[in-house]
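One structure is given below, encoded as structure tokens.
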Amino acid sequence: MEDSRFCGRGEWIAAVERALSRHDAQQIFAAKAIDPETVLAVARCEVSMASTAGVSMVSHAQLEQLTGFPRYVVLRARLALIELGLEDLAAAPGAPGNVHRELRHP
């Protein structure tokens, strides 16, 4: 089984770029009505704000402010990243309702 742990910002962005060109990615973009350039822009902002362990606590509203994209676009981009296997939602241990994102390598 392939290790999907976060291995660094540069490696994660390279994994995002590879995933954006996969055949199944086009179907995801069409279903979400979003383009790969927007997903990449959101991913770059997300990883720049993530911890060195690949944990992102950035909210949709914060990404909206940082990227200049409307909140619904940020949400669609993040959903695309989840469907591409690049991000997972996780709850903080012992803190139900405190959700963060874990950046993954597919």
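Side notes on the structure shown:
- Residue selected from region 1-49 under the condition in contact with a His (Cβ under 9 Å, 6 or more places away or on another chain) and not hydrophobic (A, V, I, L, M, F, W, C), by the criterion nearest to residue 64 (Cα to Cα): 11
- Note on region 6-21: residues that are part of a helix (DSSP H, G or I) and surrounded by fewer than 20 Cβ atoms within 10 Å (Cβ to Cβ) amount to 7.
- Hits in region 27-40 - residues which are without any contact (Cβ under 8 Å) to a residue 24 or more places away in the chain, over 16 Å from residue 87 (Cα atoms) and either surrounded by 17 or more Cβ atoms within 10 Å (Cβ to Cβ) or not hydrophobic (A, V, I, L, M, F, W, C) (or both): 27, 35, 37
- Failed condition for residue 24, given (1) under 14 Å from the mean Cα position of the chain (by Cα); (2) open to solvent by less than 70 Å² (accessible area, probe 1.4 Å): (1)
- Hits in region 49-89 - residues which are of a type in the set (D, E, K, R) and more than 11 Å from the chain's Cα centre (by Cα): 64, 71
- Annotation note: of 50, 43, the sole residue that is touching a residue at least 24 places away in the same chain (Cβ under 8 Å), surrounded by 13 or more Cβ atoms within 10 Å (Cβ to Cβ) and over 13 Å from residue 77 (Cβ atoms) is 50.
- Condition broken by residue 64, with the remaining ones in (1) in contact with a Pro (Cβ under 9 Å, 6 or more places away or on another chain); (2) crowded, with 19+ Cβ neighbours inside 10 Å; (3) not small (Gly, Ala, Ser) satisfied: (2)
- Whichever residue in region 67-101 is open to solvent by 50 Å² or more (accessible area, probe 1.4 Å) and in contact with a strand residue (DSSP E or B) (Cβ under 8 Å, 6 or more places away or on another chain) and, among such residues, is modelled with the highest pLDDT: 82
The values are calculated or read from the model by the stated rules, or taken from the named source; none is laboratory data. Keep in mind the model is a prediction, meaning the values are calculated, not measured. Glycine gets a Cβ as well: all are built from the backbone with ideal geometry, and neighbour counts include every protein chain shown. Quick note on the areas: whole protein, heavy atoms, side chains included, nothing else; ligands and nucleic acids left out. Shrake-Rupley method; radii C 1.70, N 1.55, O 1.52, S 1.80 Å.
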